[in-house]
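The values are calculated or read from the model by the stated rules, or taken from the named source; none is laboratory data. It should be emphasised that the depicted structure is a prediction, and the values quoted were computed from it without experimental measurement. All Cβ positions, glycine included, derive from the backbone under ideal geometry; neighbour counts span all protein chains shown. Only protein heavy atoms, including side chains, enter the accessible area calculation; ligands, DNA and RNA are left aside. Shrake-Rupley method; radii C 1.70, N 1.55, O 1.52, S 1.80 Å.
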Amino acid sequence: VGVAALSYLMALIDENTYSYSLSENGLTIELGLISRYKKVIRYEKIQDIKLHCGFAESFFGFANMEIETGSKDLLQSGEGRGAAASMATLTERIPYLKLQDAYALRARLLGICGITYPSSQQPLRQALPLSQKKPLKKTVAYAGIITIQALLIGLLIALFGQSFLPYIGMGIALLALLNMALAAFVIYTYEQMYMQKYFYDENKETLVIRKGVFGWNEIVVPYRNIQSIYIDQDWYDVYFDTWDVWITTVTATSGPMAHIDGTSREDAERLARLLADRVEKSRKRSKG
C-alpha cells in the first residue's frame, strides 16, 4: 500500500509539473518540482521520433514519445580550470500521451520539419516482404540453444555417470526434449504474430518502421539524417538464407530499432539500393 501510495504521489507530481510546448524556437520541455529542468530542442536538431506503447500502456491507450537529437549539452559549474563538465542528453521523452495526441504531436513536429508521414496504398512491407523463414529462424535461435545445452548435459550424465546418475541424466534429457517442443510451439506462434504486425513503409522524405505484438515501437527516420545503410547476416541467417537491412543515424536507438530483419537476399539488396537512392536525393534537395 505504501509503495502504491508513493507511486501515485509521484505520478501526481509529474502530471502537475511536466509541460511541453511548440514555438518558433523549437520544442520546449519543462519539469521538476523543487529543482526545475528546461530544455529547448531546435527542430533542425531532431534526428528520429519514436513512439513506444508498452504492454500496460496498450490497455489504456497511451504512448510515450522519444525525440532523439544525438547532441550533447555542456553544463558548467564552479570556477577555474576543470570546472566545465559535459553531459549527453541525447533523448527527450514525453510520457503517457493519449494515443491520438501522440499521433497529432508527431504529425505537427514532422510538418514543422518539412516531413510527411508515409502513407502508401501498397506499403513497402508488401512490395518487399519479410521472408516466411523468419519465424522458424527466430524459433530455432531462442528455443534451441538452452534446450540443446540441457540435452547434452543430460546425455553426458546418462552415458558417463555412475549408479543412479544415468537415470537423472535421462530425466534431464527427456525434460529438455519436452521443453524444446513446448518452447518451439510458443515461440513460433509468437513470431508468426510478430511477423504479421511487423510494418515498414517510406516516401521520398522518410522511413517508418513499427514492431511489436502486445505492445509496439514505431520509429520515423528522415532520409536526410541517415548516416549509413548496410545488409548483413548472423549465423542463423546464413543457415536459413535470410538477410537484415540496417539503417543508422547519429542517435543511440536508430541501430537496434531502425532495421528490417528477415528478408531474402534479393529483397535486402533492393531495399538497400532504394534507401540509398532516397538518402542521396534527400540530401540534394536539402542543399538546393
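A few comments on the model shown:
- Whether a residue is farther than 15 Å from K134 by Cβ and small (G, A, S) was assessed, and A258 passes this test.
- Test result for E44, at pLDDT below 90 and either open to solvent by 60 Å² or more (accessible area, probe 1.4 Å) or on the phi > 0 side of the Ramachandran plot (or both): yes
- Residues that are open to solvent by less than 20 Å² (accessible area, probe 1.4 Å), under 16 Å from Q47 (Cα atoms) and not hydrophobic (A, V, I, L, M, F, W, C) within the stretch 203-224 comprise T206, E218, P222, Y223, listed in sequence order.
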